[in-house]
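Data block below; observations after.
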Amino acid sequence: MSKHSLPPLLRRKGSKAIIAAAVAATVGAGVAFSQAFADQTATSAATQTVTPPTANAKFDYQIGGAYTPPTGVKAVSRDRGASPAAGLYNICYVNAFQTQPDELDWWKSKHPDLLLKDSGGDYVIDEGWDEVLLDTSTAAKRDKLAAVVGGWIKGCADSGYQAVEPDNLDSYERSDGRLTKSNNAAFATLLAQKAHAAGLAIAQKNTTDLLSKGKTIGFDFAVAEECGRFDECGDYASTYNNRVFVIEYRSSDFDKTCSKWGSKLSVVRRNVAVSPKGSSGYVFKTC
């Protein structure tokens, strides 16, 4: 079991309500990122050119609300409901394996068969975030889910993002045995195909248990929360050639991670709520 199945300090979510207000107030302008589009790789003839991020680019993690990126930032991650930051390498956050709480009614209405249920017919819930797990247990359901989430991914590309980070790859750890690593790896493979077809790079979000399958799935880089805290950054770095965006939430973990990995990986410290600049508790530091 991955350490990231432990209490939800380890996984942050975007908030559409916060984002809507933040975007209205400040649309990120950003600093020019002339090196962001390096190392282009072509996939199949049916797939557009995909641009992975540059290793060790100064990074900001804004999934809790968009704001003008600090000076020197070259890459930023934002919720799919937010606009990308002009001139930067933009990563689009998508909750791909669980429902956002404010979207549950939509799922119940449009795709009730894709929500995971237990033997008693009750929804299987990630209680830390009040999110129902999506059912990746069969190929037919994975195909239906890929049509929905793939539409969101295409929307990220249409909005101007260069990459996508699908969250909750480890939902099988919260499924009471109803989902497996193989189920989620198979679904992630479909998402990687959708991303590449749209011209987006795709990140492995957390979940060291699937690192050995990351390249086979199709992941191009990683977004790793607290890998310094749990001494996992080296695993991500070796798998993805240092193309790793690291988020630490505690000062001591940030200092340790910067000391060991700050010259190779993109490391940022944010507060646990990833609050927008100007909000209470806002924290932003880079190595």
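The values are calculated or read from the model by the stated rules, or taken from the named source; none is laboratory data. If you're wondering where the values come from, they're calculated on a predicted model, not measured in any experiment. Counting neighbours? That spans all protein chains shown, and the Cβs are built from the backbone with ideal geometry, glycine included. Note: areas computed on protein heavy atoms with side chains; ligands, DNA, RNA excluded. Shrake-Rupley method; radii C 1.70, N 1.55, O 1.52, S 1.80 Å.
Some values worked out for this structure:
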| quantity | calculated |
| --- | --- |
| Long-range amide H partners of Val223 with built H, under 5 Å | Gln204, Lys205, Asn206, Phe245 |
| Point-charge dipole on Cβ atoms (K/R +1, D/E -1) for the stretch 152-198, about Cα centre, debye to 20 | 180 |
| Selection of GluC sites (Glu not before Pro), the stretch 76-137, meeting DSSP coil and at most 15 other Cβ within 10 Å | Glu127 |
| Cut-off under 5 Å, modelled amide H: who pairs with Ser83 long-range | none |
| The stretch 87-102 - phi-based ³J(HN,Hα) in whole Hz, Karplus 6.51/-1.76/1.60, Gly and Pro as x | x, 10, 7, 10, 10, 9, 7, 10, 7, 9, 10, 9, 8, 5, x, 7 |
| Estimated dipole of the stretch 144-287 in Debye, rounded to 20 [Cβ of Lys and Arg +1, of Asp and Glu -1, Cα centre] | 220 |
| Net charge of Cβ neighbours under 15 Å - reference Lys194; Lys, Arg +1; Asp, Glu -1 | 0 |
| Distance-filtered residues of the stretch 84-113 - backbone nitrogen under 13 Å, label point 7 angstrom along Lys144 Cα→Cβ | 107-113 |
| For the stretch 181-227, with +1 on Lys and Arg beta carbons and -1 on Asp and Glu, the positive-most of Thr189, Gly214, Gln204 along the dipole | Thr189 |
| Spacing of the two label points (7 Å from each Cα toward its C-beta) at Glu103 and Tyr282, in nm | 2.7 |
| Residue-by-residue Karplus 3J(HN,Hα) for the stretch 149-165, coefficients 6.51, -1.76, 1.60, Hz, glycine and proline x | 5, x, x, 5, 4, 4, x, 4, 5, 4, 6, x, 6, 9, 7, 9, 10 |
| Calculated from backbone phi, Karplus (6.51, -1.76, 1.60) coupling profile of the stretch 104-109 in Hz, x at Gly/Pro | 4, 4, 5, 4, 4, 6 |
| Which of Tyr240, Tyr282 is most accessible, then next, and so on - probe 1.4 Å | Tyr282, Tyr240 |
| Global size of the stretch 177-268 as Cα Rg and Dmax, reported in angstrom | 13.9, 41 |
| Other-chain or far-sequence residues with amide H under 5 Å of Leu115's (modelled H) | Asp135 |
| Given Lys108/Lys205; Lys110/Lys141; Lys141/Lys194, the pairs whose alpha carbons are separated by over 18 Å | Lys108/Lys205 |
